[in-house]
Amino acid sequence: MMKNIIDSIWALPRDLVSDGYDQAIDALSDMLPMRIHEYPTGTECFTWIVPEKWTCRDARLETMDGKTLFSYKDNPLHAVSYSLPYSGEVDRETLFQHLHTRPDMPEAIPFIFKYYKRDWGLCCRHSLKQTLTDDTYRVVIDTEFTQGALKVGEVVVKGKKQDCYIFCAHLCHPAQTNDDMAGVAVGMDVFRRLLEGPQPEYTYRLVILPETIGSAAWLSHNESLIPHIKGGLFLEMLGTPHPHALQRSNTPDSQMDTICRLITREADPKMWEDDFMKVILNDERMFNGPGINVPMLSLSRVLQRDDLYDPPYSEYHTSLDTPDVLDWDNLNRSSRLVSRIIEAIEANRIPVPLFKGELFCSRFKSIDYASMFHVMNAVIYRLDGEKSIADIARESGLPYDDVVAFIEILKKEKLVRLA
Amino acid sequence: MMKNIIDSIWALPRDLVSDGYDQAIDALSDMLPMRIHEYPTGTECFTWIVPEKWTCRDARLETMDGKTLFSYKDNPLHAVSYSLPYSGEVDRETLFQHLHTRPDMPEAIPFIFKYYKRDWGLCCRHSLKQTLTDDTYRVVIDTEFTQGALKVGEVVVKGKKQDCYIFCAHLCHPAQTNDDMAGVAVGMDVFRRLLEGPQPEYTYRLVILPETIGSAAWLSHNESLIPHIKGGLFLEMLGTPHPHALQRSNTPDSQMDTICRLITREADPKMWEDDFMKVILNDERMFNGPGINVPMLSLSRVLQRDDLYDPPYSEYHTSLDTPDVLDWDNLNRSSRLVSRIIEAIEANRIPVPLFKGELFCSRFKSIDYASMFHVMNAVIYRLDGEKSIADIARESGLPYDDVVAFIEILKKEKLVRLA
Amino acid sequence: MMKNIIDSIWALPRDLVSDGYDQAIDALSDMLPMRIHEYPTGTECFTWIVPEKWTCRDARLETMDGKTLFSYKDNPLHAVSYSLPYSGEVDRETLFQHLHTRPDMPEAIPFIFKYYKRDWGLCCRHSLKQTLTDDTYRVVIDTEFTQGALKVGEVVVKGKKQDCYIFCAHLCHPAQTNDDMAGVAVGMDVFRRLLEGPQPEYTYRLVILPETIGSAAWLSHNESLIPHIKGGLFLEMLGTPHPHALQRSNTPDSQMDTICRLITREADPKMWEDDFMKVILNDERMFNGPGINVPMLSLSRVLQRDDLYDPPYSEYHTSLDTPDVLDWDNLNRSSRLVSRIIEAIEANRIPVPLFKGELFCSRFKSIDYASMFHVMNAVIYRLDGEKSIADIARESGLPYDDVVAFIEILKKEKLVRLA
């Protein structure tokens, strides 16, 4: 499913509010049952406002004798996203003020956006720019700003409880793959499996949206849900060749933080983690923000770097971020990891002891003293009716599943109940 | 008193429920006022069940021509405790499956028990086993399982308050001394002194019992006492040549933990300590268990070792653990230390200040500013009506008795009251 | 103002209750609006009692042939403060038992006081003592103990709130300067500026008093004020050449502690700090004492030293502690620092967010995303309606004023209210 998703929609010009974005969300909604929320241009979303729909028919640079040097039709990155329209002759100096390149990556077209501070602009390979020696060029940027609607796709897996967990990825960023088709594909893959399974305890929501404004739109129109959101995970850049990077939430003692940290560490011993806002910035900022306070972590495969604003992987925000560079094995591993996190959430309960003192193991058929001695001692002296399974796993250092399995045995023997 | 106790009962075959055990507890009850609780075979004790009484009339190995190679009558350790009866000729291979030795200690008979997973078995010196070259031997194990009663001896020193502290040692383990005649002797010695003194503030209980099942039996039949048990200390292996080892309780911030740690450190600068379940395992597990939660520490003189299951001292669980290897000075030092702990419990109160601000020392006859300056400053700024004397000693690093003495002066001068 | 204060009153014989002290407090009350509290000899003040007024008309040493070797009239330090009267011939041995010098500082007259354990005594340069080879000398100590009144000067700057902060310095110690004319001068200078400014939010009180007994007197007669005193700062020895030394209060998590630590560190990167009672001892002990519990810190410029009782600066408690050794630049810097602390107290509020989620910066004129990105991210995710500005500055490591300024912007944009 992940390959299908990425191959079919990665190349679309998926700007914030745009036909390309709509095409992509429609394609996704054909694959899983998905509700599509629409928020018209101008809608107030907390402090944010939904922008206009942006349509780019063409954006090209021509020589004065009519030769096209590059065009949006070849790659949507040639236009600055949300560029103002512009047509006319410009001298080279003016052109260069509006022509964006990456001198450090001469063969890459950079991804540049001007959503709110508007200007006209083009992007191209730096190697091409260096051949531009004429005094004058012709610029044609045929864009349009119109009333439109921002779209958020939501896949809901209804659980026995109203309390829910949110998984989130962004669908914007034209013609790029790891950022964040990778997160979208992993989220879809995980929810496909979740939909195929039995009804879960908790409700799970996958929200696919344009970055930041999408979260503001969805949250501000679902405020009654917020008290029920017990945790969240932002998914992004999961197809790089790097180990997992886990960014803790703004309330790092949450159960969601504990579970994500334990399971990611078990699944990927090379993973690294850091505090909120120290790994990579995305919609988790909206969810963790004042008045919302959802403990949303971020799972990615970005590089550890001294400056947060250094590129998180080498093709970041350029035309080189294509399916060709995707590490499909890593993508699959991340998908399985996220499913493991959901399993751990499902299994996380507070065991309340129904017995007193040390256990007389010989009496209970399912307890084998010799082989379970270590896990038993690590677990039973932490049964205080307050610590969760995740807390016990964290404190004891035992594998999560070992704690779950032993609690299951205690439950079968009627030695604990699960609160 | 300790020498008398150990000399008179160490050699008895003190199996869990047995005539030898009963003889031992009767001997102890002649030395101090002691109530003996009896729990018949089959009694439910939390998840535990009191086992049958075990009687061993003989257990010997003979050559086919009738020569006795070893016999229970020489040393009760020659029989596996709770061995099934067995009589007959066995080939060497079968014999060796049931004959326990310690190859690393060729002159020691090991102590082996099969209380709940039953089988027949003998134990002997490894050096003797190595001489067994015949093809066939005769085994005679004349044991019997009958209805009996597990016995717990309890010495109570009634204080002014119902709140109580438990001191505990186990009397089982045939013909062994440090494990745990040593703890029994120290407990008896301490309670003898306590009974001779004035009525204490708190109630103190010494419980002498067969390991683990004894605690389950006593606690499950005294559940109404549990909320009044403010702390406990398990006593064991106190006659080895090693420094004290203190194992914290499962609630290591308790007042009992604080007091035991402070006083043991003061009395034995070479002591070492570690977390609950990291030093040595005994009945403190029952007391600290779910639904009971008594902060019981363990005081011993075991070796610090990488693997908790390495022997805690060299003669552990063998026939070499006799009074000959006891360090009587250490036993006496431990006895005095436990009495010091009780004194510290008695003195531990919450001082509530009856004055305001810095003290005008010149006004109070009992306060000598020059000599008391240091202790005064360390104490009076911690008087908040919440911190106990133990808390103040811990925070300030002052000797416990210095804090007690200064609080006594403040009380005499009506500058504090004790809550 | 500071120079004027010090020059005019440093040389006065400012003993605890004395004409010299009264002269000094009268001089100060001419400079700022000051209420003078009087507590007659014998008044009970918590555990303390106001001592008698002490008058010294002369205290001199004469040779038997009538030559004056030194006299109180040359320097009030020649008399032990609160010396008993004495007149008569003494042999050299007796004299030497009552004649105090500093062998390590042969040209300094030491400051010696016997407020409560009384005796007669003289002080002189050690170099002079070494010339005293006669067998007999004549001592004349013409002192008198009478009913008097201890005086505390209080400057109040009434704020909008009853809650108040105390600044404190002591005026006693005859003919000395850094200890603590320096603190008095800084306090007066700070309060002069405060009186010139607009009405503050909080009420501020400067109390100038004789050490320790002055605090006992003032506090015990203003007990209803105590619950409103949110913090305090003792000022002392601020004219030495050393960096600032900040002594935390006995409740080091207080807002007053947080503010003083942040602002002092920002103003004086060479500052050092330590726990309550670890830097220098003064009236902050009375304020932090049991039943009062005002978080009063101490700001000085004393040396860091292994033994708290080593001299905090070289001229301490001697006749060398004169205006000649004052570092006026340091005194001015300290005065400005204390004013900065007051500004920080004034600005310290709890911001309550009125928005949800991440901010849409482009919408708010006063927020410039590019330049404010760092401070914004550090601040907004800490807005939980519980953390104060001081807490946010401490946690984030941002300069205090940057947090204040950004909160001000949020307030202007109606994005927070201040609780």
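Restricting the stretch A:217-279 to trypsin sites (Lys or Arg not before Pro) that sit in a DSSP loop and have at most 15 other Cβ atoms within 10 Å of their own Cβ leaves A:LYS270, A:LYS278. Per the helix-only calculation at 222 nm, which mean residue ellipticity applies to chain B, given -39500 (n - 2.57) for every DSSP H run of n ≥ 4 and division by its residues, nearest 500 deg cm²/dmol? Mean residue ellipticity at 222 nm (helix-derived): -9000 deg cm²/dmol. Using heavy atoms of the protein chains and a probe of 1.4 Å, the accessible area assigned to C:LEU194 is about 30 Å². With its label point put 7 Å out from Cα toward Cβ, A:LYS67 sits 11.4, 11.4 nm from the same residue's point in the other copies, in order from shortest. Label points for A:GLU266 are taken 7 Å from Cα along Cα→Cβ. From this copy to the others they lie 4.7, 4.7 nm apart, shortest first. Summarising the label geometry, the points placed 7 Å from Cα in the beta-carbon direction at C:MET31 and C:CYS361 lie 4.8 nm from one another. Counting only the Cα atoms, the stretch C:128-176 fills a convex hull of 154 Å³ per residue. Taking the chain by itself as reference, the stretch C:103-126 contains these residues with an accessible-area loss of 20 Å² or more in the full protein complex (1.4 Å probe, heavy atoms): C:TYR116, C:LYS117.
Ligands, DNA and RNA excluded, the heavy atoms of A:THR322 present near 20 Å² of accessible surface to a 1.4 Å solvent probe.
Taking a ≥ b ≥ c as the square roots of the eigenvalues of the Cα gyration tensor, an a/c ratio of 1.5 or more together with a/b no larger than b/c marks the protein assembly as shown as oblate. Estimated from the Cβ-Cβ distance and a Förster radius of 60 angstrom, the FRET efficiency linking A:ASP253 and A:SER87 is about 0.60. DSSP assigns beta bridges within the protein assembly as shown; of those with both partners inside it, close to 65 percent run antiparallel. The two copies A and C are related by a rotation, and the chain A beta carbon nearest its axis, with distance in whole angstrom, is A:ASP253, 11. Expressed per residue, the C-alpha convex hull volume of the stretch C:271-419 stands at 155 Å³. Extension gain, C:ASP163 to C:ASN332, is 58.1 nm, computed as 0.36 nm per intervening residue step minus the present C-alpha separation. DSSP finds beta bridges in chain A, and of those with both partners inside it, around 65 percent are antiparallel.
With the Cα gyration tensor of chain C giving a ≥ b ≥ c as the square roots of its eigenvalues, does the rule (a/c under 1.5 for rounded; else a/b larger than b/c for prolate; else oblate) give rounded, prolate or oblate? In terms of gyration-tensor shape, prolate. Residues of the stretch A:263-305 whose accessible area (probe 1.4 Å, heavy atoms of protein chains only) drops by at least 40 Å² once all protein chains are present, relative to their chain alone: A:MET277, A:ARG285, A:PRO290.
Using a probe of 1.4 angstrom and keeping all protein chains present, the accessible surface of the protein assembly as shown works out to 39 square angstrom per residue.
Dipole magnitude for the stretch B:300-419: about 1040 debye, using +1 per Lys or Arg Cβ and -1 per Asp or Glu Cβ, origin at the Cα centre. Note on the stretch B:176-264: Cα Rg divided by 2.2 N^0.38 Å, N the number of residues, gives 1.17. Averaging Cα coordinates gives a centre for the stretch C:182-197 and one for the stretch C:354-405; these two points are 33 Å apart.
Looking at the stretch B:2-130, what % of its DSSP beta bridges pair antiparallel, to the nearest 5? Of those bridges, close to 65 percent are antiparallel. Comparing B:ASP307, B:ASP179, B:ASP65 in a Gaussian network model of chain B (Cα springs below 10 Å), the most mobile by mean-square fluctuation is B:ASP65.
Going by accessible surface with a 1.4 Å probe and the largest first, A:LYS53, A:LYS414, A:LYS160 read A:LYS414, A:LYS160, A:LYS53.
Here is how far apart the C:PRO40 label points are across copies: 8.6, 8.6 nm, shortest first, using a point 7 Å from Cα toward Cβ.
Remark: the stretch A:53-146 carries a charge dipole of roughly 400 debye about the Cα centre, counting +1 on each Lys and Arg Cβ and -1 on each Asp and Glu Cβ. For the protein assembly as shown, with all protein chains in place and a probe radius of 1.4 Å, 48% of the accessible heavy-atom surface sits on carbon or sulfur. Here the stretch C:53-146 yields Rg over Rh of 0.94, to two decimals, using C-alpha coordinates and the Kirkwood radius. Of the residues making up the stretch A:348-366, those losing 20 Å² or more of accessible area when the isolated chain is joined by the remaining protein chains, with a 1.4 Å probe, are A:PHE355, A:LYS356, A:GLY357, A:GLU358, A:PHE360, A:SER362, A:ARG363. In the stretch C:215-264, Rg over Rh equals 1.04, where Rg is the alpha-carbon radius of gyration and Rh the Kirkwood radius from pairwise Cα distances. Considering only C:PHE406, C:CYS361, C:ALA390, the residue lying farthest towards the positive end of the dipole of the stretch C:351-418 is C:CYS361, judged by Cα position with unit charges set on Cβ. Interface A-B: total buried accessible area of about 1700 Å², 1.4 Å probe, protein heavy atoms only. Leaving ligands, DNA and RNA out of it, work out the accessible area of A:ASP7 with a 1.4 Å probe and give it in Å² to the nearest 10. Here the residue's solvent-accessible area equals roughly 80 Å².
The listed residues B:SER224, A:SER127, once ranked by accessible area (1.4 Å probe) with the largest placed first, stand as B:SER224, A:SER127. Summing Cβ point charges (Lys, Arg +1; Asp, Glu -1) relative to the Cα centre of the protein assembly as shown gives a dipole of roughly 2440 debye.
Report the relative contact order of the stretch C:53-146, percent, no decimals, based on alpha-carbon pairs under 8 angstrom and at least 6 residues apart. Worked out over the stretch C:53-146, it gives 44 percent.
The values are calculated or read from the model by the stated rules, or taken from the named source; none is laboratory data. Keep in mind the model is a prediction, meaning the values are calculated, not measured. Positions of Cβ are generated from backbone atoms using ideal geometry, with glycine treated the same way; all protein chains shown enter the neighbour counts. Only protein heavy atoms, including side chains, enter the accessible area calculation; ligands, DNA and RNA are left aside. Shrake-Rupley method; radii C 1.70, N 1.55, O 1.52, S 1.80 Å.
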